[in-house]
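To start, the structure under review is shown below, and the notes come after it.
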Amino acid sequence: MEIKRPIVSVGLLLISLCPALAMAEWGKPLGATYGGPEGKPRIVTPSPAELGADERATMAVFEQATRSVVFISNTAVRRDPWSFDLFEAPQGSGSGFVWNKQGHIVTNFHVVYGANSIKVTLADRSEHKAVVIGADPDHDLAVLQIQVPDEALSPVVVGLSNDLRVGQKVLAIGNPFGLDHTLTTGVVSALGRTIKSLSNRTIEGVIQTDAAINPGNSGGPLLDSAGRLIGVNTQIVSPSGAFAGIGFAVPVDTVNRIVPELIKHGKLIRPGLGVSLVPDAMAKRWGIKGLIIGKVSRGSGAERAGLKGARETFAGRVELGDIIVAVDGKQIETQDNLMDILDRHKVNDQVMVEILRENRRERVSVTLQAIN
């Protein structure tokens with residue numbers, strides 16, 4: 001005898017097993033009269049009694065440091081190509097931080113470069129007109145000032161960068177893409193990096209981090225886990241223009257040396273030897289390793305030390321001057337090398353200069369002087 005088996009569709013089987021689903025078809029709302037669990041809010045899982053210690057520490061740093069972080073926007077004068085009328089147009093934006101109670105704000109030079117007017121927005125959302133007090137393009141730093149009551153300002157806590165270690169936690173606060181007070185975290189990825197400033201000078205001792213830094217973060221603070229300033233976020237390496245895991249910050253030891261000079265003088269008072277030098281490209285073309293002294297300034301430390309510049313002979317030929325090959329025992333091949341060494345000194349410091357003169361090496365002590 002042939003046994004006939006009942007044919008049961010999957011849909012009917014589901015209905016028989018789950019009668020609550022019988023009121024709605026798959027892919028359609030369940031209906032106003034449906035009372036099953038799917039039409040109700042999910043059960044909430046209670047949060048832990050306490051957040052993790054690392055989370056609490058990060059939150060505390062952000063809450064404290066964000067009061068010091070500012071948003072900076074600038075405009076530039078443009079000319080309408082059709083009517084030739086002048087008008088102000090937004091040029092760019094970035095971040096900065098409060099340096100002191102006198103209203104000085106630190107940021108990157110490239111954030112305010114070419115601006116006709118600058119506006120600073122504090123953490124309390126108040127907006128203030130700012131003026132540039134001083135700038136050092138070689139280190140991509142600038143100091144602005146705003147006029148506000150000192151009780152409205154919360155200066156950043158300043159730390160050190162010479163004791164940083166690769167792997168320690170860092171936090172970056174800024175305004176990426178105009179989104180104010182954004183926190184990102186990461187670690188110190190490397191130390192002692194070099195980058196190029198807007199003036200094409202080399203910035204030494206730069207901090208590399210993987211804390212996300214994007215357009216708009218420039219000029220904002222890089223902080224350690226205690227909330228102390230350890231650097232100023234400055235550049236990223238990215239093929240797309242957005243963050244790709246490599247960001248750079250000017251170390252706070254450099255910032256803490258330069259900012260007071262900018263506040264006092266409007267520029268960095270650099271120590272120098274009192275000489276003018278032949279361009280690096282010419283020295284390289286002549287196969288000379290070192291810096292050729294072109295001229296020695298009258299009354300300079302270089303003149304008192306007996307350094308000699310190039311001179312013209314009676315026959316109309318030019319004899320090369322002394323060639324600087326080392327300063328403070330460090331080899332010198334480019335003017336950047338020399339400036340990096342002298343930047344670590346102050347006016348009236350003495351440095352040991354090693355020169356090549358008529359194929360003889362000599363060492364002389366030179367007292368540094370202020371140069372423009």
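Bear in mind these aren't lab numbers, they're just calculated from the coordinates by the rules spelled out. Since we're looking at a predicted model, the values are computed, not measured. Ideal geometry is used to build each Cβ from the backbone, glycine not excepted, and the neighbour counts take in all protein chains shown.
Multiplying the residue separation of Glu25 and Arg344 by 0.36 nm and removing their Cα-Cα distance gives an extension gain of 107.1 nm. Taken about its Cα centre, segment 271-371 carries a charge dipole of about 240 debye when Lys and Arg each add +1 at the Cβ and Asp and Glu each add -1 at the Cβ. For segment 150-243, the list of trypsin sites (Lys or Arg not before Pro) that fall in a loop by DSSP and count at most 15 other C-beta atoms within 10 angstrom reads Arg165. Computed over neighbours whose Cβ is under 12 Å from that of Ile293, the net charge equals +1, Lys and Arg +1, Asp and Glu -1.
Here is the list for segment 265-353: trypsin sites (Lys or Arg not before Pro) lying in DSSP coil, each with at most 14 other C-beta atoms within 10 angstrom of its C-beta, are Lys267, Lys289, Arg298, Arg317, Arg344, Lys346.
Rg of the Cα atoms in segment 222-272, relative to 2.2 N^0.38 Å, amounts to 1.47. Measuring against 32 Å, Cα to Cα, the residue pairs Lys119/Lys264; Lys196/Lys295; Lys264/Lys295; Lys169/Lys284; Lys264/Lys289; Lys196/Lys264 contain Lys169/Lys284; Lys264/Lys289 as the ones spanning a longer distance.
Orientation-averaged projection of segment 271-371 equals 6.3 nm² [convex hull of Cα atoms, one quarter of hull surface area]. Here is how the number arises for the chain: DSSP H runs of 4 or more residues each give -39500 (n - 2.57), the sum is divided by the residue count, and the result at 222 nm is -4000 deg cm²/dmol. Where Rh denotes the Kirkwood radius from the mean inverse Cα pair distance, what is Rg over Rh for the chain? Expressed as Rg/Rh, it is 1.25. Remark: segment 354-365, residue by residue, has Karplus-estimated 3J(HN,Hα) of 9, 10, 10, 9, 6, 6, 10, 8, 9, 10, 9, 9 Hz, where x stands for each Gly or Pro and the curve is 6.51 cos²θ - 1.76 cosθ + 1.60 at θ = phi - 60°.
Comparing Cα centroids, segment 124-168 and segment 188-254 end up 15 angstrom apart. For Trp99, Trp26, the sequence from fewest to most other C-beta atoms within 10 Å is Trp26, Trp99.
Computed over the Cα atoms of segment 178-314, pair by distinct pair, the Kirkwood hydrodynamic radius stands at 18.3 angstrom. Normalised by the number of residues in the chain, the mean separation of alpha-carbon contacts (under 8 Å, six or more apart) gives a relative contact order of 11 percent.
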